[in-house]
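Before any comments, here is the structure.
The values are calculated or read from the model by the stated rules, or taken from the named source; none is laboratory data. All of these numbers come straight from a predicted model, not from anything done at the bench. Backbone-built Cβ (ideal geometry, glycine too); neighbour counts: all protein chains shown. Side chains are part of the model used for accessible areas, which takes the heavy atoms of the whole protein and leaves out ligands, DNA and RNA. Shrake-Rupley method; radii C 1.70, N 1.55, O 1.52, S 1.80 Å.
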Amino acid sequence: GHQLDGLGAVIVNRQVLKASGCAIIDNFVINSGFGAIHNLRDANLSLTRCTLAGNRTIHGSGGSLHDSGGIVVMRRCTLSGNTAGVEGGAVYCAGAAEFHECTLSGNGATTGGGIMARPISATTLPVR
């Protein structure tokens with residue numbers, strides 16, 4: 001894992017990012033900012049069979065993933081033990097998002113421990 005100050009984000013997606021079988025584990029953002037992955041507005045993020053675990057942001061939203069208005073599709077991913085000081089312990093989504101057959105456990109935040117979606121109408125959540 002990495003310890004970051006400021007905006008954080010180990011991965012910043014500006015366009016299209018597709019990953020399969022990845023593990024993003026134990027990253028820590030000290031000041032306000034985003035979690036391990038920051039998906040920018042109009043970017044497209046697709047994760048399949050990935051593990052996002054133990055990622056933390058103290059004063060930000062989305063411990064493992066902060067989406068600023070792009071598109072997020074996650075399939076068969078595990079999100080566990082992620083925390084955020086504000087919203088979305090595992091994920092904060094401000095764009096369109098789909099979570100298919102994902103497992104969420106032990107994530108925490110002030111609001112939206114697992115997933116915080118804004119707007120809620122743009123998010124599909126077939127999770128277990």
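Quick rundown of the values:
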item	result
Members of region 106-126 that are in contact with a Ser or Thr (Cβ under 7 Å, 6 or more places away or on another chain) and either at pLDDT below 85 or more than 13 Å from GLY63 (Cα to Cα) (or both)	ALA117
Residue within region 98-118 that is part of a loop (DSSP other than H, G, I, E, B), of a type in the set (Gly, Ala, Ser) and within 23 Å of ARG14 (Cβ to Cβ) present	no
Scan of region 8-36 for residues that are in a strand (DSSP E or B), at pLDDT 90 or above and farther than 17 Å from CYS77 by Cα, ordered by number	VAL16
Total residues in region 31-48, condition of a type outside the set (Gly, Ala, Ser), within 14 Å of GLU98 (Cα to Cα) and open to solvent by 10 Å² or more (accessible area, probe 1.4 Å)	2
